[in-house]
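Worksheet: one structure, shown below.
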Amino acid sequence: MPLVAPDNPVHDIKWWHTATVYQVYPRSFCDSDGDGIGDIPGITSRLDYLQRLGIDIIWLSPIYQSPMDGNGYDISDYRAVAPEFGTLGHFDRLVSEARARGIGIILDLVVNHTSDEHPWFLLSRQATDNPFRDFYVWRKPADDGGPPNDLQSSFGGPAWTLDPTTGEYYLHLFSRRQPDLNWENPKVRAEIYEMMNWWLDRGIAGFRMDVIDYIGKEVDREVVTDGPHLHDYLKEMNASTFGDRDILTVGETWSATPGSALLYSGRDRKELSMVFQFEHVTQQWDAVYGKWRPKPFDLAGLKTVFGKWQLALARDGWNALFWGNHDLPRAVSRYGDATGFHSQSAKMLATVLHLLKGTPFVYQGEEIGMTNMPFTSINQYRDIETLNMHRLQMEAGLSPEEFIRGANESGRDNARTPMQWNATQHGGFSSGTPWIEVNPNYATVNAEAAMTDEGSIWNHYRKLIALRKMHPVVVYGDYQPWLDHHPDVFVYTRTLEEVRLIVVASFRPSEVCLTMPMELLAVGKCLIWNYEAVDRVETEMVLRPYEAIGLLTDA
């Protein structure tokens, strides 16, 4: 039976309100042919695993044809599958097999830029009067012969590269091998919409849209995100592609604020289902060195951000909930305790996130508590951002030891080490040599062991995913924070009509003595716990390290 929110005047009921999304990074998920690179048949072989976990949607990071300068985010053919991942036939079978298990597939839509090997760009750079010239952003040199302006690439260095064929610069807000498309050109937009419909007609369930807040850029004014035509383009995209289809769309928007989120996802905006916001991530970065010298974890600050977003989208729009993805460190290493209280803190983090209002996203391996990788040398890294920033940060005065320490905390390769399936060689990921090293803790942290242990992190995730489908209060209940300034404990309630869910979670590696507000004192049914079931909230509570409970009570 579909979930119904009783007398709920706030949100139209959408199928993805009760869904949980699982992100697959194909290169690192499961290798079926022993070449050391994960592939689509490997993903298909693990669908039963994801079905048993309770997953409704799989988000695939890019599978398109690409020279892989940016790990697939540099696309040379939008309608072809990269040979190392398989074929279109393999993809169609994945969609069909997933659908048979009640799972939809959403693709990564990377349309801010292409590869410099895309045919459009190869034609664009041939001559200034080539018909494809205006598919990209070209500018004449400045008076001194240098770049047209001071825009910088997110991967370090100028965002402009001089092309000797025509003597002009092209824009790349990421790698120089990822030239930016010119969204002001209606022909570009028409090509993109046609390509999107081509994939939608193959039966996919939607798109995750890479850096979608960049497409409205105005480079001459050095406006990168939130350009004046951004939402015009998204409305046009909606009308031209998925607007009449019942699919999920989520935009990656590093610039989004609680004030702008409804522009993307408001029910009457006709743009996207939801957006990823990253305020809880960026608040932990150093003002000078960014994520390469992260600040100490600040729970009070995290609660403020989560609460702000919960309240901003309380009556319209929708939150996308996540701890990690392919660009971020492992959640249990960043927010929990991967060594002293690995299981308890991983379960606590899952409890806190999955009982918030929004659609949870689980990054591959998070459900078994995969941790950051203990790299010791820059030579072990594969990520283009990390390698570029290593050079720049050394020039800026950061020591090699500091950089490695920061990269081991925050670098993207932490999320890209192979999925740990079992305790055999390479964690069961591949019979060959993996493209990047497997975390050495695969012998104890792996899916096979987790699935057979009733008290595992994996089974905790499975229970949380099931609770979202069983209890309307988890999906539609109003959010209220408590004890906002407490440095060690996250307490919030979700209330729907006469039902209240109380969530109490400790982020501390030792006991916490907690005085609870009188309004929360209650007896009820414990829905989820990571030590033992607790059937009441009392005035004085002693929480064990990283203890978390979800208690269902009368409102």
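The values are calculated or read from the model by the stated rules, or taken from the named source; none is laboratory data. Since we're looking at a predicted model, the values are computed, not measured. Backbone-built Cβ (ideal geometry, glycine too); neighbour counts: all protein chains shown.
Note on segment 376-415: among residues that are part of a loop (DSSP other than H, G, I, E, B) and without any contact (Cβ under 8 Å) to a residue 24 or more places away in the chain, the one that is nearest to residue 176 (Cα to Cα) is 397. Among the candidates 481, 418, the residue that is touching a residue at least 40 places away in the same chain (Cβ under 8 Å) and assigned to a loop (DSSP other than H, G, I, E, B) is uniquely 418. Tell me, which residue of segment 229-252 that is surrounded by fewer than 21 Cβ atoms within 10 Å (Cβ to Cβ) and either at pLDDT below 95 or among the acidic types (Asp, Glu) (or both) is nearest to residue 56 (Cα to Cα)? So, considering only residues that are surrounded by fewer than 21 Cβ atoms within 10 Å (Cβ to Cβ) and either at pLDDT below 95 or among the acidic types (Asp, Glu) (or both), the one nearest to residue 56 (Cα to Cα) is 246. Does segment 320-331 include one or more residues that are of a type in the set (Lys, Arg), out of contact with any strand residue (DSSP E or B) (no Cβ under 6 Å at 6 or more places or on another chain) and closer than 24 Å to residue 370 by Cβ? Yes, segment 320-331 contains a residue that is of a type in the set (Lys, Arg), out of contact with any strand residue (DSSP E or B) (no Cβ under 6 Å at 6 or more places or on another chain) and closer than 24 Å to residue 370 by Cβ.
Each row is one residue, and each column tells you yes or no for (1) surrounded by fewer than 20 Cβ atoms within 10 Å (Cβ to Cβ); (2) closer than 21 Å to residue 384 by Cα.
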position: 32; (1), (2): yes, no
position: 42; (1), (2): no, no
position: 58; (1), (2): no, no
position: 66; (1), (2): no, yes
position: 69; (1), (2): yes, yes
position: 73; (1), (2): no, yes
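The single residue among 102, 89 that is free of Cβ contacts under 8 Å to residues at least 40 places away in the same chain, surrounded by fewer than 23 Cβ atoms within 10 Å (Cβ to Cβ), more than 30 Å from residue 165 (Cα to Cα) and not hydrophobic (A, V, I, L, M, F, W, C) turns out to be 89. The residues of segment 365-377 that are over 20 Å from residue 447 (Cα atoms) and either modelled with pLDDT under 80 or buried (at least 21 other Cβ atoms within 10 Å of the Cβ) (or both), listed by number, are 376, 377.
Right, residue 175: closer than 28 Å to residue 88 by Cα, part of a loop (DSSP other than H, G, I, E, B) and hydroxyl-bearing (Ser, Thr, Tyr) or not? Spelling it out, residue 175 is indeed closer than 28 Å to residue 88 by Cα, part of a loop (DSSP other than H, G, I, E, B) and hydroxyl-bearing (Ser, Thr, Tyr).
Residue pairs whose Cβ atoms lie under 6 Å apart, sitting 6 or more positions apart in sequence or on different chains, and linking a residue in segment 444-455 that is closer than 17 Å to residue 342 by Cβ to a partner that is among the hydroxyl-bearing types (Ser, Thr, Tyr), are 450/456. Listed by position, the helices (runs of 4 or more DSSP H) enclosed by segment 283-362 that each have at least 3 residues that are within 27 Å of residue 15 (Cα to Cα) and either assigned by TED's automatic domain parsing to the domain that holds residue 54 or at pLDDT below 95 (or both) are 299-312, 342-354.
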